[in-house]
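The values are calculated or read from the model by the stated rules, or taken from the named source; none is laboratory data. Since we're looking at a predicted model, the values are computed, not measured. Note that we place each Cβ from the backbone using ideal geometry, even for glycine, and neighbour counts take in every protein chain shown.
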């Protein structure tokens with residue numbers, strides 16, 4: 001079954017499949033799906049499913065390696081939130097995806113195999129397992145779908161500033177969704193409130209040093225890259241702060257509330273003789 005046939009876009013009035021034309025900050029290209037890519041994606045999903053069967057949780061955050069960001073000291077590039085739609089059912093992944101390199105995004109549900117069918121740099125994965133109290137608050141929202149849109153801004157920016165609501169990207173949405181589920185004192189129902197909570201609790205974004213030509217080129221030639229939401233003192237010194245998978249993991253791990261981290265090495269490419 002093809003990716004087009006297996007996709008399920010959420011929050012639609014009718015339960016029919018739509019073409020999957022959204023990618024995590026990548027342009028849509030008509031690249032043929034090779035048997036090797038399909039094999040690697042399905043094997044990764046199978047390994048992940050085996051690990052999930054060992055985890056006593058109905059919600060697990062999953063990270064993948066869509067591109068090589070090692071020059072910025074980063075490993076994983078994209079976060080999604082896995083959950084069971086029903087007790088004992090198949091796992092689904094809820095995540096924000098960019099619409100074909102445009103300045104727009106939407107929220108999607110996908111199966112585990114589809115999650116790894118994008119153009120991966122490597123097939124390694126990382127799991128961030130929330131404590132039970134966070135799972136109890138997140139699971140009903142994930143199953144209902146619509147409440148998650150309270151923290152979604154359709155205007156996409158690959159390097160969205162963490163403390164601005166002008167744009168949003170995949171990792172920003174996950175971070176704010178987890179923040180909203182982590183507070184017991186107050187109810188978070190907007191992005192402004194989520195960002196205030198993150199500031200008060202010491203969240204530190206990832207800072208990347210990029211050259212002026214990289215910044216200028218990204219803004220001029222890519223619709224899904226913008227810098228006008230970043231403070232001027234950072235922007236003009238070529239320092240870009242954004243939400244990374246690494247910074248999310250570090251933040252929740254430092255809170256010492258029972259979050260667990262598991263890294264899963266991906267399958268190796270088949271040897272050619």
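Restrict the check to segment 38-58 and report whether at least one residue is under 24 Å from residue 152 (Cβ atoms), in a strand (DSSP E or B) and touching a helix residue (DSSP H, G or I) at 6+ places or on another chain (Cβ under 9 Å).
Within segment 38-58, none of the residues are under 24 Å from residue 152 (Cβ atoms), in a strand (DSSP E or B) and touching a helix residue (DSSP H, G or I) at 6+ places or on another chain (Cβ under 9 Å).
Please tell me if residue 158 is within 25 Å of residue 202 (Cα to Cα), surrounded by fewer than 22 Cβ atoms within 10 Å (Cβ to Cβ) and touching a residue at least 40 places away in the same chain (Cβ under 8 Å). First the steps, then the outcome.
On the way: within 25 Å of residue 202 (Cα to Cα): yes; surrounded by fewer than 22 Cβ atoms within 10 Å (Cβ to Cβ): yes; touching a residue at least 40 places away in the same chain (Cβ under 8 Å): yes.
So residue 158 passes the test.
Within segment 241-249, does at least one residue satisfy the condition of being assigned to a loop (DSSP other than H, G, I, E, B), crowded, with 17+ Cβ neighbours inside 10 Å and at pLDDT 95 or above? First the steps, then the outcome.
Looking only at segment 241-249, we keep the residues that are assigned to a loop (DSSP other than H, G, I, E, B), and these are 243-244.
With the extra rule that they be crowded, with 17+ Cβ neighbours inside 10 Å, the set shrinks to 243-244.
After this cut, where a residue has to be at pLDDT 95 or above as well, the list is 243-244.
Among the residues of segment 241-249, at least one is assigned to a loop (DSSP other than H, G, I, E, B), crowded, with 17+ Cβ neighbours inside 10 Å and at pLDDT 95 or above, which makes the answer yes.
Quick one: in segment 96-124, of everything that is assigned to a strand (DSSP E or B) and touching a helix residue (DSSP H, G or I) at 6+ places or on another chain (Cβ under 6 Å), which residue is surrounded by the fewest Cβ atoms within 10 Å (Cβ to Cβ)?
First pass over segment 96-124, keeping only residues assigned to a strand (DSSP E or B): 96-98, 104-110, 122-124.
Those left that are additionally touching a helix residue (DSSP H, G or I) at 6+ places or on another chain (Cβ under 6 Å): 96, 123.
Numbers: 96: 27, 123: 22.
Checking each candidate, the answer is 123.
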